[in-house]
Amino acid sequence: MSDDEFRAAMARLTAGVTLVTAHDADGGPRGEDVGMTATAFMSVSLDPPLVMVSVRNGSRMDDLLAEQPLWAVSLLSENQRHIAGRFAMKGRLSDRLLFEDIAWKRGEVSGAPLVGGALAVVECRTEQRVEAGDHTLVIGRVLAVDLPSTDGGPLTYFRGKYRHLS
């Protein structure tokens, strides 16, 4: 099996699109907010409430979550494709400008940005990190949830494109 064959097979799995966020208190005088688009996100357990996200080893988010145990995930709605695309860009130097014109509020528990208009947001504390190939699986205990929007459906990712259910 080649890398291309594996990618093609995995592209046929429909996934929900999320924005994983955290606040880096060491990122300057007021700190820095960091975000990453993720499709590898799932519920792990109801008791205790656990979720998991997969982050690429050596990425900004991987480095931050190795030090900062508090983070959040916004489950994006179908009209938030622009947010997903913006935070999926590779090679950016800072996330500060990426948050500038997005409606968000700071999570009371995690301190991380929570995207306004998301279908749901969860605030987490890392319970476990598991290295798996070129990614790290970050398992977090859910500390708080909010349901900012009940309108519309989820943003999904299928065959390399953002899509919505209809």
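No value in this document is a laboratory result; all are computed from the given coordinates. Quick caveat: nothing in here was measured; it's all calculated off a predicted structure. A quick note on method: Cβ atoms are made from the backbone with ideal geometry, for glycine too, and the neighbour counts reach across all protein chains shown.
With charges set only on the Cβ (+1 for Lys and Arg, -1 for Asp and Glu), what does the dipole of the chain come to about its Cα centre, in debye to the nearest 20?
Working: 18 positive and 22 negative charges, 98 e Å.
Dipole about the Cα centre, nearest 20: 460 debye.
What separates the Cα centres of the range 51-65 and the range 6-42 is a distance of 8 Å.
Here are some values of Rg/Rh (Cα atoms, Kirkwood Rh): [x] 0.95; [y] 0.99; [z] 1.09. Which one was computed from this structure? Read-out from the structure maps to [x].
Considering only Ala66, Gly85, Val53, and ranking their Cα positions along the charge dipole of the range 18-104 that arises from unit charges at the beta-carbon of Lys, Arg, Asp and Glu, the one farthest toward the positive end is Gly85. Other residues whose C-beta falls under 15 angstrom from the C-beta of Gly107 contribute a net charge of -1, scoring Lys and Arg +1 and Asp and Glu -1. Using the rule -39500 (n - 2.57) for each DSSP H run of four or more residues, divided by the residues of the chain, the 222 nm mean residue ellipticity is -4000 deg cm²/dmol.
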